[in-house]
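The values are calculated or read from the model by the stated rules, or taken from the named source; none is laboratory data. Predicted model, so just to flag it, every value in this text is computed and none were measured. Note that we place each Cβ from the backbone using ideal geometry, even for glycine, and neighbour counts take in every protein chain shown.
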Protein chains: 2
Amino acid sequence: MQTEEEFKDFILNGHLHYIPNVSIDCAIFGYHEYQLKLLLIRHRNLDSWSLPGGHIKRTEKLLEAANRNVKVRTGVDNLFLQQFKTFGDPGRIPFEKFDKKKWLEITGLASWEGNWLMDQTISVGFYAITDFSETILQTDISTGACAWFDIGSLPPLEFDHDEIVRDALYAMRLHLYHYPIGLNLLPEKFTLSEIHALYETLLGKKLDISNFPKKLIALKLLKKLDEKRSIGAHRSPHLYSFDREKYELALKEGLVLS
Amino acid sequence: MQTEEEFKDFILNGHLHYIPNVSIDCAIFGYHEYQLKLLLIRHRNLDSWSLPGGHIKRTEKLLEAANRNVKVRTGVDNLFLQQFKTFGDPGRIPFEKFDKKKWLEITGLASWEGNWLMDQTISVGFYAITDFSETILQTDISTGACAWFDIGSLPPLEFDHDEIVRDALYAMRLHLYHYPIGLNLLPEKFTLSEIHALYETLLGKKLDISNFPKKLIALKLLKKLDEKRSIGAHRSPHLYSFDREKYELALKEGLVLS
């Protein structure tokens, strides 16, 4: 949505193009050099921060809608994107707190009565992971600000988004051993130290490095290469890579350790 | 819904009491003595089987709606119930195939134009597990039939329900090592053979019994009791029980093996 006219049309007639009563919220995690961040936006006319998201076009599958919403904010297409939970609670969006008068002025509506955006919404939660140094953040007419925040110092969020972030983090950490989450966050060939640091950062805790690779190798997701990297006198650690074929399969079906 | 009058009112005015464009589908698994079954229903005026489900009341949280829908069919309250995935695809419900004429006769409507039930629906999938020998199946005015089917010989299902069942099974099997799913399916104290048989049946594959309990004991979900059961000459296997406290915690937060 680029123009004021398109924004008004979305508010007035969006239900013709988008499915009413359903939204998408995206917890977009960003990783780079031992830091984990979360992307937050500030809606026009709201004071506090929330997760980026949006509505589902009537012609879209859920994942397509999530992908479009993530791309609009980050400029990155086809991120690792995973649905993790749907949120529905009669009190999750406190319509009574909205400054409806201001919005009536902007839109030129006489009343919110019966408007599709002022009804209860169930929200489908997705999380994504990307390298935050490679994103180009974008705002638009409905989103005044967009920024990366350290995962350890998030501001209080609008609506039920604190809960959504907590559940997204939990799901992502659970999935670290079921989906090949690291693929786009590491170079093509990497050392054990590099993937160990990535996992520690994503999990937010220390991992015993001597036991660490066993699990990933047991999943056959990780391949030990017959190659070393020279990083100084007497230091040339083995290189590893992800197994692309297993990766594609795991993206579709997940992997179960048993 | 018990009367024809209530059923008509639901079709005409349901959107006032239920959230439009969103439904719930429940894969209710039944376990008893080494058998795994799935509960299926047949809607009035449809020839084939589908998953039980329904709509979300405007006053309900998602889990409450799922619990109500499961209780209506099985007579069992507060089952182990887990949300696993939400399904949204423009083609998931083929409205064009419906015998709309028959339904217009039943409801006395002049047209389906603008009716809340004839619009695109996103469906939130839950799975539940119960002992099928303890359920009392119930039909009603909109559900003509309701029955348990062996998981290995399911009929083809309506809509996208084959996909929902596949994903529910996958999620349940993944969760076997994250949630204490077995609690209500075994006696208070059980032998290793009993829980081993339960897990083999739910997973649909053989498990090495010598390695099997390690994982559950590592999760501290399972306690080895200082008690044995006498089942014959020279046969008195150790008894185990679930740890209730860990169980409650895991129900809320899940458990991550690391």
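List of remarks:
- Qualifying residue in the range A:28-37 (condition: surrounded by 18 or more Cβ atoms within 10 Å (Cβ to Cβ) and farther than 20 Å from A:Asp150 by Cβ): no
- Subset of the range A:52-66 (residues that are within 13 Å of another protein chain (Cβ to nearest Cβ) and surrounded by fewer than 22 Cβ atoms within 10 Å (Cβ to Cβ)): A:Lys57, A:Arg58, A:Thr59, A:Glu60, A:Lys61, A:Leu62, A:Leu63, A:Glu64
- In the range A:71-101, residue nearest to B:Lys61 (Cα to Cα) [restricted to those that are within 14 Å of chain B (Cβ to nearest Cβ) and among the polar types (S, T, N, Q)]: A:Thr86
- Boolean, A:Pro155 is more than 14 Å from every other protein chain (Cβ to nearest Cβ), outside any strand (DSSP E or B) and either closer than 21 Å to A:Asn21 by Cα or in contact (Cβ under 8 Å) with a residue 24 or more places away in the chain (or both): yes
- When restricted to residues that are modelled with pLDDT of 85 or more and within 30 Å of A:Leu38 (Cβ to Cβ), the range A:208-241 contains 2.
- Residues of the range A:151-166 satisfying the condition of being closer than 24 Å to A:Tyr34 by Cβ and either of a type in the set (D, E, K, R) or over 14 Å from the mean Cα position of the chain (by Cα) (or both): A:Gly152, A:Ser153, A:Leu154, A:Pro155, A:Arg166
- Test for B:Asp162: is it among the charged types (D, E, K, R) and touching a residue at least 60 places away in the same chain (Cβ under 8 Å): no
- Summed over the range B:177-191, residues that are over 19 Å from the mean Cα position of the chain (by Cα) and either surrounded by 18 or more Cβ atoms within 10 Å (Cβ to Cβ) or hydroxyl-bearing (Ser, Thr, Tyr) (or both) total 2.
- Condition check for B:Leu104: in contact (Cβ under 8 Å) with a residue 12 or more places away in the chain, among the aliphatic types (A, V, I, L, M) and away from chain A (no Cβ under 11 Å): no
- Selection status of A:Glu134, among the acidic types (Asp, Glu), surrounded by 17 or more Cβ atoms within 10 Å (Cβ to Cβ), over 15 Å from A:Ser241 (Cα atoms) and more than 12 Å from chain B (Cβ to nearest Cβ): no
- Here is the figure for the range A:38-68: residues that are in a strand (DSSP E or B) and either polar (S, T, N, Q) or not assigned by TED's automatic domain parsing to the domain that holds A:Pro20 (or both) total 1.
- Given (1) within 11 Å of chain B (Cβ to nearest Cβ); (2) at pLDDT below 85, index of the condition A:Lys205 fails: (2)
- Residues that are within 16 Å of B:Ile141 (Cβ to Cβ) and surrounded by fewer than 18 Cβ atoms within 10 Å (Cβ to Cβ) within the range B:38-51 comprise B:His43, B:Arg44, B:Asn45, B:Leu46, listed in sequence order.
- Residue in the range B:26-42 that is under 23 Å from B:Gly182 (Cβ atoms), out of contact with any helix residue (DSSP H, G or I) (no Cβ under 6 Å at 6 or more places or on another chain), at pLDDT 90 or above and within 14 Å of another protein chain (Cβ to nearest Cβ) present: no
- The number of residues in the range A:86-108 that are surrounded by 15 or more Cβ atoms within 10 Å (Cβ to Cβ) and modelled with pLDDT of 80 or more comes to 6.
- Residues of the range B:73-96 include at least one that is within 15 Å of B:Ala27 (Cα to Cα) and in a helix (DSSP H, G or I).
- With respect to the conditions (1) in contact with a Ser or Thr (Cβ under 8 Å, 6 or more places away or on another chain); (2) surrounded by 15 or more Cβ atoms within 10 Å (Cβ to Cβ); (3) of a type in the set (A, V, I, L, M), A:Ala168 falls short on a single one, namely (1).
Listed here are the residues, each with its yes/no results for (1) over 20 Å from A:Gln82 (Cβ atoms); (2) in contact (Cβ under 8 Å) with a residue 24 or more places away in the chain; (3) in a loop (DSSP other than H, G, I, E, B).
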residue	(1), (2), (3)
A:Ala168	no, yes, no
A:Leu174	no, no, no
A:Ile181	no, yes, yes
A:Glu188	yes, yes, yes
A:His196	yes, no, no
A:Leu202	no, yes, no
A:Glu227	yes, yes, no
